[in-house]
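Accompanying notes for the structure given below.
The values are calculated or read from the model by the stated rules, or taken from the named source; none is laboratory data. Just so it is clear, the model here is predicted, and its values are computed rather than measured. Please note: Cβ atoms are built from the backbone with ideal geometry, for glycine as well, and neighbour counts cover all protein chains shown. The protein model used for the area step is the full one, side chains on, heavy atoms only, and it has no ligands, DNA or RNA in it. Shrake-Rupley method; radii C 1.70, N 1.55, O 1.52, S 1.80 Å.
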Amino acid sequence: MTRPTVARVDLEAIRSNFRAISAFLASGTAVPGIIAVVKANAYGHGAAEVGPALEEAGAAMLACADIEEGIVLRRAGVRIPILVFGALGISDLDGVFQHYLTPTISTPSAARALQASAAKHGAILQCHLKIDTGMNRLGFRHDNLARTLPEVAASRNLSIDAVCTHFATADEPESPAFAEQRARFEAVCATLGSLGITTRTRHAANSAALLRDERVWYDFVRPGLLLYGIVPPPLAARLPLRPALSLHSRIVHVKGLRPGEGTGYGLKTVVDRPSTIAVVPAGYADGLDRRLAGRGSMLVRGRRAPVVGSVCMDMTTIYVTGTDVARGDEVVIVGEQGAESLGVREIAASIGTIPYELLCRVGSRIERVYS
């Protein structure tokens, strides 16, 4: 390790979170399987390491965004089915067959492309069928299936193993759209047989949905953020979750400021008394958000040190006046130090974003250290 800024990933925490989710699901009337979502490099935690850990924990399937992510998982030794969520109509589809991936059919063009490729390979391709029940992104429109699904049903090389949808407002308890989407999805499932689709396997629930409503657990659930130890805001849960990722660095320089002086681009933080700042070698190229300036903090010597000045590409400055700090001191950007902690939910709320974004933005030049 040559750079002092590292992400520490606790794989046992991820396995423990999986067990906590499983125990929660076991309280229901019917226990669904778990499709563990590891897209976007396992939400920044490292898919090649996290995928095998979740397979070991008992995941029925892993899910990723595209073929390339699926190949990373196979090369890491994952043997269980891998579901590819993304649109594949214009992709090079050979990887689906070479690496035994399960694609999602979400558009008529994807169905045609997959049928043609499966016929070329002389294969019967197992697929999941996505229904758009109101998110208006990917998926066959729920109110237009009589026109769009017969072609899919007639595709001799496609086997529809499951039907799914995705909720647009699972993390917004006040929105009526969640109940509307559930009703539409169940209505679609009741009519699929008449359209030539015979599968009875269904899935719809992401982390927020599985916390909110047992009725949408169906045959599988698709937790993502919960696996990494974070409850989707603004929801609350009593699951015994452990955040799996912490972000650490070290002070590389301590500098005094005189009254009237500022620091960083734009000199936006000007002090009115003798002050001390410390330089941390992590910036927006590492995934830190520029909005942290004046809003966020880091932990040093067990205390919160506000972020001052501007978050730069490679460096951030923190205000340490009154704290006895020195070059080489550990800085916690995300995680715990002494009695203090900085969680991803808190940090995201302070700058007006969501935990998913902050985790996925942890930069590739930051080394992940696994335990």
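Answer with yes or no whether residue 226 is open to solvent by 30 Å² or more (accessible area, probe 1.4 Å), closer than 17 Å to residue 15 by Cβ and of a type outside the set (Ser, Thr, Tyr).
Working: open to solvent by 30 Å² or more (accessible area, probe 1.4 Å): no; closer than 17 Å to residue 15 by Cβ: yes; of a type outside the set (Ser, Thr, Tyr): yes.
No; evaluated as a whole, the condition is false for this residue.
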- Quick check: anything in segment 91-108 open to solvent by less than 30 Å² (accessible area, probe 1.4 Å), within 20 Å of the chain's Cα centre (by Cα) and modelled with pLDDT under 95? no
- Message: Give me the residue from segment 340-355 that is part of a loop (DSSP other than H, G, I, E, B) and open to solvent by less than 60 Å² (accessible area, probe 1.4 Å) and, out of that set, farthest from residue 248 (Cα to Cα).
- Response: 353
- The condition from (1) of a type outside the set (Lys, Arg); (2) surrounded by 15 or more Cβ atoms within 10 Å (Cβ to Cβ); (3) touching a Ser or Thr at 6+ places or on another chain (Cβ under 9 Å); (4) free of Cβ contacts under 8 Å to residues at least 60 places away in the same chain that residue 337 misses is numbered (3)
- Item | Residue that is of a type outside the set (A, V, I, L, M), buried (at least 22 other Cβ atoms within 10 Å of the Cβ), modelled with pLDDT of 95 or more and at positive phi, where the choices are 77, 58, 44, 70 | 44
- Task: Please list, ordered by first then second residue, the pairs with beta carbon atoms under 9 Å, 6 or more apart or interchain, first in segment 237-266 and within 30 Å of residue 226 (Cα to Cα) and open to solvent by 80 Å² or more (accessible area, probe 1.4 Å), second polar (S, T, N, Q) and in a loop (DSSP other than H, G, I, E, B).
- Result: 250/5
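Restricting to segment 223-281, give me the number of residues that are within 30 Å of residue 32 (Cβ to Cβ) and hydroxyl-bearing (Ser, Thr, Tyr).
Quick first cut of segment 223-281, residues within 30 Å of residue 32 (Cβ to Cβ) only: 223-245.
With hydroxyl-bearing (Ser, Thr, Tyr) added as a condition, the list becomes 228.
Residues flagged as within 30 Å of residue 32 (Cβ to Cβ) and hydroxyl-bearing (Ser, Thr, Tyr) within segment 223-281 amount to 1.
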